[in-house]
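In what follows, a single structure is set out as structure tokens and then discussed.
The values are calculated or read from the model by the stated rules, or taken from the named source; none is laboratory data. Small disclaimer: the values here were computed from a predicted structure and weren't measured. Ideal geometry is used to build each Cβ from the backbone, glycine not excepted, and the neighbour counts take in all protein chains shown. Ligands, DNA and RNA are excluded from the accessible area calculation, which covers all protein heavy atoms including side chains. Shrake-Rupley method; radii C 1.70, N 1.55, O 1.52, S 1.80 Å.
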Amino acid sequence: MATHLLRNGSTFWLLKNCQRSMPFTVSRCLHWTPRLEKKIAFNLSDIGEGIREVTVKEWFVKVGDTVEQFDNLCEVQSDKASVTITSRYDGKITRIYHNIDELALVGKPLLEFEVADAEEEEDDGSSSSSSSSSSSGSDSDAQPSPAAAAGGLSIGRHITPATPAVRRLAKEHKVNLAKVPATGKNGRVLKGDVLEYLGQVPPGTNVPHPSNTQAKLAPAATPPVTAPADRVEQLKGVRKAMLKSMTESLKIPHFAYSDEIDMSNLVKFRSQLQASAQEQGVPKLTFMPFCIKAASIALTKYPIVNSSLDLASESIIYKGAHNISVAIDTPQGLVVPNIKNCQAKSIIQIAKDLNELVERGRTGSLGPADFADGTFSLSNIGIVGGTYTHPCIMAPQVAIGAMGRTKAVPRFNDKDEIVKAHIMSVSWSADHRVIDGVTMASFSNVWKQHLEHPALFLLY
């Protein structure tokens, strides 16, 4: 009421009545009323997604600071995201309602402003304050549409960025700032924009800010991308067999063991045998025949690795023949035929059988007998480029090994000198119902010993 009387020139009536009823508070009535007009509570706006409260994580301002519109005030944290709250006013901060790590409620005051122009900021304050006030002139740029008001919808107000001086100029000329083309940074309406809108300056006097120009550039329309149709393919051939074998493999409790083998001596040994191997019908002698023969030697010392488990009778079946299965990549997929009776064959004989299986696999002429009665498996993932893996056991076998790529790396020799070494990694998987870790490690050590000291092959 005091504000209304002061604005309408009834100072004498107010002074008279205050003296009659409150003789000792006349100065308080006249002194504090103008200052209350300048303070506006800045409420926490609804940040969406049903969030009703947030935690204040950091204040970028303090009491007594002067801020402008869009300055950062604080950062709040909800249970979903962090949000930076910016100022909607130009003015001085007179109060902060919450300390760091305190809860702030949506719709309740965060801080309090003392604005530069009481009448002007009183209109703008209605967007963040719980109090409502009538507005006119330039305030119409922040009003909801009549259709929304008639429908009873609660719609957030759109405030056009502008300084108090520009708002005052717009109010004097009864200009709606929302209709004035903005050329300032991030869509801010400048004084020159209002003057150009009023026709007081020539059109094109104000050059748009680069950020404002870029925002108006519509992105180029991209043609819709048509997603390719899904395709259903019935499992058959190698893939159908893999489905059955891997389903059975998952029933086996696997455990893994890995090691590194220094292949430096075998690299030299193989190089010495290349010429003799070509004379005996092996065009290229690879490391694989040596790995297969070394596995056969280790199977002789640890026959449980060359066994199978009979669950019905709860017994172990030790296999006499070393039929070592080898993974081969073919056009039809990965197949695993086996080389029969490796325990009785030399490295050159194993190399010939391996080359024959590879050639028949590529031409698709492998028969059922080539896959039957396998007792142990080896896979060379190194030709693809891998290092370590966790191979799956092929039931009813109880173990499998996978060799990685051989790499030249620096190593220390017996004299603590750095030398070039060819290192290959190996990964073993074993059926833990039959084989324990010590047995698998011991088997691996025998296999490793023969590869690192290839002269031992001459004893077999």
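Listed peptides 288-296, 229-237 appear in the order 288-296, 229-237 once ranked by packing, highest mean of other Cβ atoms within 10 Å at the front. Among the GluC sites (Glu not before Pro) in region 252-326, those located in a DSSP loop and surrounded by at most 14 other Cβ atoms within 10 Å of their own Cβ are E314. For region 391-460, the fraction of 1.4 Å probe accessible surface lying on carbon and sulfur atoms is 57 percent. Here the gap between T226 and D46, fully extended at 0.36 nm per residue and compared with their Cα-Cα distance, gives a gain of 60.9 nm.
Think of region 323-425 as having a plus end and a minus end, set by charges on the Cβ of Lys, Arg, Asp and Glu; of N341, H390, S425, S425 sits farthest toward the positive end of this dipole. Taking other residues whose beta carbon is less than 13 angstrom from the beta carbon of H322, and scoring Lys, Arg as +1 and Asp, Glu as -1, yields +3. Per-residue extension of 0.36 nm, minus the Cα-Cα distance of E233 and V106, leaves a gain of 40.2 nm for this segment.
Summing +1 for each Lys or Arg and -1 for each Asp or Glu among the other residues whose beta-carbon sits under 14 angstrom from that of A441 gives -1.
Classification of region 340-460 by its C-alpha gyration tensor yields a prolate form. The axis ratio a/c (a ≥ b ≥ c) is 1.5 or more, and a/b outweighs b/c. Here K293 is the anchor, and the lysines within straight C-alpha reach of less than 18 Å, apart from those fewer than 8 places off in the same chain, are K268, K284, K301, K319, K340, K345, K352, K448.
When the solvent-accessible area of region 241-294 is split by element, carbon and sulfur atoms take up 56 percent of it, the probe being 1.4 Å. Charged neighbours of K268, selected by a Cβ distance under 13 Å, balance to 0 (K, R count +1; D, E count -1). Temperature 20 °C, viscosity 1.002 mPa s: under these conditions the Stokes-Einstein estimate for region 381-425, based on its Kirkwood radius over C-alpha pairs, is 171 µm² per second.
Computed over protein heavy atoms with a 1.4 Å probe, the accessible surface of region 199-305 works out to 70 Å² per residue.
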